[in-house]
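**Student:** Can you read through this structure? Questions will come right after.
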Amino acid sequence: MQIKFYGVRGSIPTPGVDTQRYGGNTPCVLLTSQNGQRLILDSGTGIRLLGQELLADTADLVLLLSHNHWDHIQGFPFFAPAYQAERSIRIIPGNTLNGQHQAILQQMSGEFFPVAPEQLAATIRITPVIEDQWQLGDFQIQRCRLNHPGSGSAYRITADGQTLAYVTDNELFPPEQELTSRGQWLEFVEGVDVLIHDGQYLEADMPTKLGWGHSLVSQAVVLAKEAQVKKLVIFSHDPDRSDQQLDQLALQFSGQQPEVLMAREGMELWC
Ligand SMILES: [Zn+2]
């Protein structure tokens with residue numbers, strides 16, 4: 001399975017000289033199986049560039065959303081395949097508390113965006129999944145609930161015998177009752193080849209941002225160690241985190257087991 005990062009920034013796009021190396025686009029990750037089947041994770045602004053690359057063919061696409069916060073859906077109106085008449089796009093929403101599964105298209109209401117969903121040429125279906133485990137072509141998918149305002153879904157995805165966990169916008173130690181406990185997280189990500197985990201905050205951000213639904217980098221590192229994952233990718237960087245600061249974090253956690261990487265736009269991994 002190939003993993004390619006198109007957007008790694010949390011909360012809001014951050015163009016500028018201080019963020020250009022790691023990138024300023026909001027979350028979007030593409031998984032491709034050995035057979036060439038694709039699965040897109042989240043639809044932040046990073047999906048715009050992915051969409052341009054996908055114009056080379058008109059294969060059916062599946063978009064798996066973690067939740068409907070703006071930074072995870074705001075790229076969809078700019079996703080070029082949605083404007084291709086020959087294209088079919090299936091959107092699987094995250095398991096959010098309020099269940100507003102149409103949010104990704106509702107943002108195109110005319111009040112927030114000029115093109116209405118009915119004007120999109122592609123065949124677009126929003127199909128919520130009830131089960132917490134299902135097969136989608138080459139991808140075997142498990143999900144569990146995020147500790148995040150409004151919740152949403154984390155995914156554990158296996159293809160070609162390799163496993164990835166995508167856990168973003170998740171607070172490992174929330175101040176209120178959590179939806180997924182620390183023990184459940186350990187079980188959910190246990191032994192994965194690649195863990196992509198939220199690491200938006202540092203110790204200095206606390207206690208102000210306690211309860212905002214994100215984790216400290218150090219908490220994600222401890223989870224990865226205890227769950228014996230093979231590689232950890234810190235994701236959903238804080239909008240104020242500069243390239244230099246991310247370099248420092250990479251250095252701080254270098255040489256550890258498991259390997260710790262800071263997610264960067266354009267980065268490709270194979271597992
Ligand atoms: Zn969120």
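Read-outs: derived from the displayed coordinates by stated rules, not from any lab. If you're wondering where the values come from, they're calculated on a predicted model, not measured in any experiment. When we count neighbours, we look across all protein chains shown, and the Cβ atoms used for this are built from the backbone with ideal geometry, even at glycine.
**Student:** Per residue of the stretch 130-140, what does 6.51 cos²θ - 1.76 cosθ + 1.60 with θ = phi - 60° give for ³J(HN,Hα)? Whole Hz please, x for Gly and Pro, Karplus curve as stated.
**Tutor:** After applying 6.51 cos²θ - 1.76 cosθ + 1.60, I find 8, 6, 9, 8, 7, 9, 9, x, 6, 9, 9 Hz.
**Student:** Give me a comma-separated list of calculated 3J(HN,Hα) values for the stretch 177-184, in order, Karplus coefficients 6.51, -1.76, 1.60 applied at θ = phi - 60°, integers in Hz, x for any Gly or Pro.
**Tutor:** 4, 7, 7, 10, 7, 4, x, 5
**Student:** Under the rule of at least 5 residues apart or a separate chain, name every residue whose amide H is placed under 5 Å from the amide H of Ile124.
**Tutor:** Under 5 Å from the amide H of Ile124 lie the amide H atoms of Ile89, each far enough along the sequence or on another chain.
**Student:** Using a cut-off of 28 Å between alpha-carbon atoms, which lysines can reach Lys4, once sequence neighbours fewer than 8 places away in the same chain are excluded?
**Tutor:** Hits, sequence-local ones excluded: Lys225, Lys230, Lys231.
**Student:** Another one. Give a residue-ordered list of calculated ³J(HN,Hα) values for the stretch 80-97 (Karplus: 6.51 cos²θ - 1.76 cosθ + 1.60, θ = phi - 60°; whole Hz; x for Gly, Pro).
**Tutor:** My calculation for the stretch 80-97 gives 4, x, 5, 9, 9, 5, 7, 9, 10, 10, 9, 10, 10, x, x, 8, 7, 5 Hz in order.
**Student:** So what's the gap between the Cα centers of the stretch 164-217 and the stretch 32-77, to the nearest angstrom?
**Tutor:** What the calculation gives is 23 Å, centre to centre.
**Student:** How high is the relative contact order of the chain? Use alpha-carbon pairs under 8 Å, at least six apart in sequence, and give a whole percent. Spell out each step's value before the answer.
**Tutor:** Working: 657 pairs, mean separation 51.9, N = 271.
After rounding, I find 19 percent.
**Student:** A further question on this structure: Using a 10 Å cut-off around each Cβ, can you sort Tyr155, Tyr83 from fewest to most neighbouring Cβ atoms? Display every interim value, and only then the final one.
**Tutor:** Working: Tyr155 23, Tyr83 16.
Arranged by neighbour count, lowest to highest, Tyr155, Tyr83 become Tyr83, Tyr155.
**Student:** Once amide H atoms are built 1.01 Å from N in the peptide plane, which residues 5 or more positions from Thr14, or in another chain, come under 5 Å H to H?
**Tutor:** Gly24, Asn25
**Student:** Using Cα atoms only, what is the angle between the long axis of helix 217-226 and the major principal axis of the chain, expressed in degrees (0 to 90) to the nearest 10?
**Tutor:** Rounded to the nearest ten degrees, it is 80.
**Student:** Decide, for the chain, between rounded, prolate and oblate: order the square roots of the alpha carbon gyration tensor eigenvalues as a ≥ b ≥ c, take rounded if a/c falls under 1.5, and otherwise choose prolate if a/b is larger than b/c, else oblate.
**Tutor:** Details: a/c = 1.45, a/b = 1.36, b/c = 1.06.
Verdict is rounded for the chain.
**Student:** Take Asp138, Asp42, Asp198, Asp18 and order them by how many other Cβ atoms sit within 10 Å, fewest up front.
**Tutor:** In order of increasing Cβ crowding within 10 Å: Asp18, Asp138, Asp42, Asp198.
**Student:** Taking amide H positions as placed in the peptide plane 1.01 Å from N, state which residues far from Leu65 in sequence (5 or more) or on other chains have amide H under 5 Å from it.
**Tutor:** Hits under the 5 Å cutoff: Asp42, Ile92, Gly94.
**Student:** If you don't mind, another one. What ranking do Ile40, Ile89 get, fewest neighbouring Cβ atoms within 10 angstrom at the top?
**Tutor:** Ile89, Ile40
**Student:** Decide, for the stretch 88-132, between rounded, prolate and oblate: order the square roots of the alpha carbon gyration tensor eigenvalues as a ≥ b ≥ c, take rounded if a/c falls under 1.5, and otherwise choose prolate if a/b is larger than b/c, else oblate. Before the final figure, lay out the partial values.
**Tutor:** On the way: a/c = 4.40, a/b = 1.51, b/c = 2.91.
Verdict is oblate for the stretch 88-132.
**Student:** Roughly how tilted is helix 243-252, in degrees to the nearest 10 and between 0 and 90, from the longest Cα axis of the chain?
**Tutor:** The helix 243-252 is inclined about 50 degrees to the chain.
**Student:** Quick one: grab the alpha carbon gyration tensor of the stretch 25-103, order the square roots of its eigenvalues as a ≥ b ≥ c, and give me rounded if a/c is under 1.5, else prolate or oblate depending on whether a/b is larger than b/c. Before the final figure, lay out the partial values.
**Tutor:** Details: a/c = 1.66, a/b = 1.52, b/c = 1.09.
Here the stretch 25-103 falls in the prolate category.
**Student:** Antiparallel DSSP bridges in the chain: what percent, to the nearest 5?
**Tutor:** Beta bridges within the chain, antiparallel portion: roughly 55 percent.
**Student:** Quick check: residue separation of Thr58 and Gln256 times 0.36 nm, minus the Cα distance between them. What number comes out in nm? Walk me through the numbers before you get to the answer.
**Tutor:** Values: separation 198, 0.36 × 198 = 71.28 nm, distance 4.21 nm.
Result for the pair: 67.1 nm of gain on full extension.
**Student:** Restricting to DSSP H runs of at least four residues, report the calculated mean residue ellipticity at 222 nm for the chain, -39500 (n - 2.57) per run over all residues, nearest 500 deg cm²/dmol.
**Tutor:** -4000 deg cm²/dmol
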